[in-house]
Amino acid sequence: MLNIHNDGSSPGRVTVTFADGALSFMLSEDATFEDLADRLDRLGERHHGKPVAIEVKLAAASAPSDADWGP
């Protein structure tokens, strides 16, 4: 089994652009796409529309070591 570990350098950052402005927020390390979709939906309600652009930057995962591959 391959386990990919976050290197802990930083969580993900999301930048969302709406017709009336843009905002950024940090994405928790254990966030799912469902969590992101829910947050974007709530933000869309506050900004009276859907995002026109979404940029997601994730922290790079460290390379798996030989121990991650198991016996």
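Coordinate-derived values only; no laboratory data. Just so you know, these numbers come straight off a predicted model, no measurement behind them.
Here are some notes:
- Interchain or long-range residues, amide H under 5 Å from GLY12's placed H: LEU27, ALA59
- Amide H to amide H, with H built 1.01 Å from N, PHE18 comes under 5 Å of LEU23, VAL52, counting only residues 5 or more places away or on other chains.
- Taking amide H as placed 1.01 Å from N in the peptide plane, the amide H of HIS47 sits under 5 Å from none that are at least 5 places away or on another chain.
- Rg in Å to one decimal, and Dmax rounded to a whole Å, for region 7-46 via C-alpha atoms: 11.2, 35
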